[in-house]
Amino acid sequence: MGNIFESKEFLIFDGGMGTMLQAYGLKAGELPESWNISNPGKILEIHKAYIAAGADVITTNTFGANRYKLKGSGYSCGEIIESAVKIAKEATGSKLTAHDIGPIGQLMEPYGTLSFRDAYDAFKEQVIAGTAAGADMILIETMSDIYEARAAILAAKENSHLPVLCTMTFQPDGRTLTGTDPLTMVNIISHLGVDALGINCSLGPKDIIPLLAQVLKYSSVPVIVQPNAGLPVVLDGKTFYDISPEQFGQYMAETAKMGAAILGGCCGTTPEHIRELKKAVSGLKPVRPEAVKLTAASSATATVILGEEAKIIGERINPTGKKRLKEALRNGDMDYLLREAVAQRDAGAHILDVNVGLPEIDEKAMMVRAVSELQGIVNLPLQIDSVSPDVIEAAVRICSGRPIINSVNGEKKTMDTIFPIAKKYGCLVVALTLDENGIPEKAEDRLKIAEKIVNRAGEFGIDREDIIVDCLVLTASAQQKEARETIKAVALVKEKLGIKTTLGVSNVSFGLPDRELLNRTFLAMALTAGLDAPILNPMAEAMTDTIKAYNVLWNIDKEAAEYISSRSAVNEQPVFKEKEENQSLKKLIIDGMKEEAVLTVKKLLREINGLEIVDTFLIPALDVVGQKYESGEIFLPQLIQSAETVKRAFEVIKDNMLKNAGEVTGVSRGKIVIATVKGDIHDIGKNIVKILLENYGFEVYDLGKDVPAESIVKKVQEENALMVGLSALMTTTVKSMEDTVKALRLYCPDTRVMVGGAVLNEDYAKMIGADFYGKDAREAVKIARTFYGCE
Amino acid sequence: MYIDREEVLRYMGYRGQNIDHTTEKLLNDCIDEVARVSKESFLYEIFDIERAAEGLCLKGTTLTLAGEDIGRHLAGSEKCALMAVTLGLEVDKRINFYSKTDIAKALVFDACATAAAESICDTVQEKIETVAKSMGFETTTRFSPGYGDFPIGIQKELAKVLKTYEGIGLSVNESSIMIPRKSVTAFIGLRREKSDESGNSCESCGRRNCSFRKGVE
């Protein structure tokens, strides 16, 4: 069955359903799928018209047959899909039926409130129903969000034996609504085991052509195209599309000549369009252009290709030897992790390595949380770094892009555990050149292991392009002669295997003075040998500068353009005037001068301890700012800039305490768990409350937005927090605030609840059972300070 | 895209304070950035109003408009334009990003985006006015779910009628919140005679002590 997509003839799909139904009197807002049951004759008529026009495949009328869109319709997903497949099969006879699955119609986390798990479950329900009803294939179509497409494909692959096709719809800017470009789409989807992929809906066929060229260039599976009949035009309240059936046929013949093998129509196309399409391609045969094979990792919206210039894999999200990160992981402080990610991106990282392994935490839960948060904030591809296959699988499953797995090695057991995961989720894999016998001394032996890994990967259906070899860096202080072997091994792997390489560069200098000098020299040597993706600290300028210099000397940075511009930026770096730096810390805070305040705190820490700085400068400055705010002398953005300044100052003090005492002590005024309640996604207000509470020394556990009552109860119990702050901005979500208060009363009777948000007031807060109402962030601080006896 | 600085300040509770250099720069940067990253798009359609026992219906759709306030707003209107506007997801992404990295910027950026969405609404409203004029109609002001007693629960149905997700990527979650967040839906009545409203949408609203209330202190 799978090879029908590779056939010597074009496979012709049908055209639009919605437009036809509207012509038959479907109301705006009415569920088109309900007609499978209330008006099956009309659906059959449309299917038959497409068969008569020459379609080989009929798409079922199930685009929106998911549990979310069907809610309140009185129909179940199962009955709608079963009836739809039945009608389609009645029309198709010996032809084929495609079970149609459209987007759920809700945005996924973190921008929306639909979780990956819930999306997967909804698709799974559809897939099972369509497969049981006897469809011949599954068409996942009109996807805007690659993350949702990924959930749908996984649901299809895990719950059905049918072939899977997947199409996405693009905007005039060449990206989907959520920002995915064609290369990124292909790089993610083609590795998930789909039988065909392509573009549908979007604009008209003419505008699809340049996007299609990208897809054809990279896709290793057959390509499907189903454009709209041009753009909709409204005339006298009726919608028309501006491309005639004849024009449609001509454009489609063009796409066929380019290499598309599966052809059909989307919105506005009719049996006439399909008839013309069939006619226009009748003299043609499918051509399959050779796909360009890349070693490329993707986030949902960007793709990083290895093998061009050196690509930096940022190494800082790894707790080994980092006290502050360890503390953040233990406390579930995701903001710290995100700041590290952003800082690395800003410093030039192309990919982020993510390792959250600490013996005392649940690594799997933390990894899943870290990955979800990171991919919502930074658009860099991720490298999932763990020794546990369980953790790796959980993480790559919920990745929205195409991640790298770090790592596999030459041990049979490891390969046989990791490769199936990499294959199923379409990941790249870092291959360490070690095996049961350890790390070979000689470069030639490391090459042999690399070869063994590549061959074994091939047996799992993983291409050599999907492997990145790490020839392993040993410390020069202990194994001096092997530093050179590593460089030789990189060159050998490049020469003999033609495979991309990575190295954890800074290992080389452990135990020696002036590590940076050794690191950057070693990096330059490795780059020359053919290193594609160094794993390093992008904040270490000596390293990133070495890459910039290398790019000039190796003729990658043409006319040294980037090098020259980076040098002039160095000279323009702001130099703080002595005057500003010496201003009192209190004034710097009041004025919201973040960088200057950080420098001043660092200076002060040489003379006095952190707690003293908090009491003498930070808190009094905050009080002044608070008074100014209340008297109307300054307004909200100014108050918050001061709060941000204090936050940065606190960070410096905390780092200092960790460095000197190994722990942060004496700062906490009490624990407060805060969250925006389930269903609500507004969190700027909550974040403002959070920063002010932190400024005043409270230990704030921020659970984020759209948080179910159970999670809040769980955290309160875990931390024994005596106070909870809840935020809700909509009349519709105050109900879930009330439910949360009830749950807290039941399970955490000693905990007091403070609430806030635009739709609340004192009376409303009482009505839903809260203890305190904070009309703004300053008020919230006062309530907390009074409650914890600070005033 | 036009972003009204005064509106941005109003959303942040500005009451004539001295705006220092840092805040001024933040404000200007955010106005520029919102204008740059917004992918504004809109949809509208004009329907006949049918008056039935259960409320106002829009002909050819599944919509029934319940509530006294919307009834009052559309009294005398024969037709009704339904509009939806969004700034797109990139604005949400940035707000999310700044919420994690720089809350002051998140706040100002959010306010600028709200002002931008309003300004797109004004543009769409003008388009609707032009179409209405050509059909011989005058228009009312905009009326949105959540105004007065008009429930925001209607957002979902409204999104289905205009097919906002398919058309402009505007979805409505289970709590009737629109995502992307910087989105607006509204009803505009089309009537034969000019209405006598002031044009200040706050005046007809029952929330007297709302801190954003305009010009009725």
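The values are calculated or read from the model by the stated rules, or taken from the named source; none is laboratory data. Since the structure is predicted, the reported quantities are computational estimates derived from the model, not experimental observations. Cβ atoms come from the backbone with ideal geometry, glycine included; neighbour counts cover every protein chain shown.
Data overview
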read-out: Checking A:Ala55 against (1) small (Gly, Ala, Ser); (2) in contact (Cβ under 8 Å) with a residue 24 or more places away in the chain; (3) assigned to a helix (DSSP H, G or I), the condition it does not meet; value: (3)
read-out: Residue match in segment B:13-20 (condition: under 21 Å from the mean Cα position of the chain (by Cα) and at the interface with another protein chain (Cβ under 7 Å from one of its Cβ atoms)); value: yes
read-out: Residue match in segment A:660-678 (condition: more than 10 Å from chain B (Cβ to nearest Cβ), buried (at least 16 other Cβ atoms within 10 Å of the Cβ), in a helix (DSSP H, G or I) and touching a helix residue (DSSP H, G or I) at 6+ places or on another chain (Cβ under 8 Å)); value: no
read-out: Segment B:39-83, residues that are within 14 Å of chain A (Cβ to nearest Cβ), assigned to a strand (DSSP E or B) and of a type in the set (S, T, N, Q); value: B:Ser41, B:Thr61, B:Thr64
read-out: The one condition in (1) farther than 26 Å from B:Ser99 by Cβ; (2) in contact (Cβ under 8 Å) with a residue 12 or more places away in the chain; (3) of a type outside the set (A, V, I, L, M) that A:Glu644 fails to fulfil; value: (1)
read-out: Number of positions in segment A:537-563 that are of a type in the set (Phe, Trp, Tyr) and either out of contact with any helix residue (DSSP H, G or I) (no Cβ under 7 Å at 6 or more places or on another chain) or on the phi > 0 side of the Ramachandran plot (or both); value: 1
read-out: Any helices (runs of 4 or more DSSP H) falling wholly within segment B:94-186 and containing at least 1 residues that are more than 15 Å from the chain's Cα centre (by Cα), at pLDDT 95 or above and farther than 24 Å from A:Gln22 by Cβ; value: B:103-134
read-out: Residue selected from segment B:90-120 under the condition touching a strand residue (DSSP E or B) at 6+ places or on another chain (Cβ under 8 Å) and of a type outside the set (D, E, K, R), by the criterion farthest from the other protein chains (Cβ to nearest Cβ); value: B:Ile120
read-out: Tabulated pairs, segment A:625-638, first within 12 Å of another protein chain (Cβ to nearest Cβ), second part of a helix (DSSP H, G or I), C-beta under 6 angstrom, 6+ apart or interchain; value: A:Tyr629/A:Leu639; A:Ile634/A:Lys628; A:Pro637/B:Thr23; A:Pro637/B:Ala104; A:Pro637/B:Leu107; A:Pro637/B:Val108; A:Gln638/B:Thr23
read-out: Test: residue in segment A:81-98 that is assigned to a loop (DSSP other than H, G, I, E, B) and within 11 Å of chain B (Cβ to nearest Cβ); value: no
read-out: Residue pairs meeting the criteria (Cβ under 6 Å; at least 6 apart or on separate chains; first in a helix (DSSP H, G or I), in segment A:109-137; second surrounded by fewer than 19 Cβ atoms within 10 Å (Cβ to Cβ) and of a type in the set (Lys, Arg)); value: A:Ala122/A:Arg67
read-out: Residue identified as more than 14 Å from chain B (Cβ to nearest Cβ), in contact with a helix residue (DSSP H, G or I) (Cβ under 7 Å, 6 or more places away or on another chain) and touching a residue at least 12 places away in the same chain (Cβ under 8 Å) among A:Leu611, A:Leu599, A:Leu693; value: A:Leu599
read-out: Count of residues meeting criterion [touching a Gly at 6+ places or on another chain (Cβ under 7 Å), small (Gly, Ala, Ser) and part of a helix (DSSP H, G or I)] in segment A:470-522; value: 1
read-out: All positions within segment A:384-408 that are crowded, with 24+ Cβ neighbours inside 10 Å, under 20 Å from A:Thr320 (Cβ atoms) and in contact with a Gly (Cβ under 9 Å, 6 or more places away or on another chain); value: A:Asp385
read-out: Unmet criterion (only one of (1) within 24 Å of A:Leu703 (Cβ to Cβ); (2) touching an Asp or Glu at 6+ places or on another chain (Cβ under 8 Å); (3) buried (at least 22 other Cβ atoms within 10 Å of the Cβ); (4) not small (Gly, Ala, Ser)) for A:Lys364; value: (3)
read-out: Matching option when the condition is buried (at least 24 other Cβ atoms within 10 Å of the Cβ), more than 10 Å from every other protein chain (Cβ to nearest Cβ) and within 20 Å of the chain's Cα centre (by Cα), among A:Phe116, A:Phe123; value: A:Phe123
read-out: Which numbered condition A:Glu373 misses (of (1) away from chain B (no Cβ under 14 Å); (2) acidic (Asp, Glu); (3) surrounded by 17 or more Cβ atoms within 10 Å (Cβ to Cβ)); value: (1)
read-out: Residue check for A:Gly198: away from chain B (no Cβ under 14 Å) and touching a Gly at 6+ places or on another chain (Cβ under 7 Å); value: no
read-out: For A:Phe5: the one exception among (1) in a loop (DSSP other than H, G, I, E, B); (2) at pLDDT below 95; value: (1)
read-out: Flag if B:Lys25 is more than 30 Å from A:Leu31 (Cα to Cα) and either at the interface with another protein chain (Cβ under 8 Å from one of its Cβ atoms) or β-branched (Val, Ile, Thr) (or both); value: no
read-out: Check on A:Asp207, farther than 14 Å from A:Met143 by Cα, among the acidic types (Asp, Glu) and not in a loop (DSSP other than H, G, I, E, B); value: yes
read-out: Residue match in segment A:207-214 (condition: in contact (Cβ under 8 Å) with a residue 60 or more places away in the chain, surrounded by 19 or more Cβ atoms within 10 Å (Cβ to Cβ), away from chain B (no Cβ under 14 Å) and over 30 Å from A:Ile128 (Cα atoms)); value: no
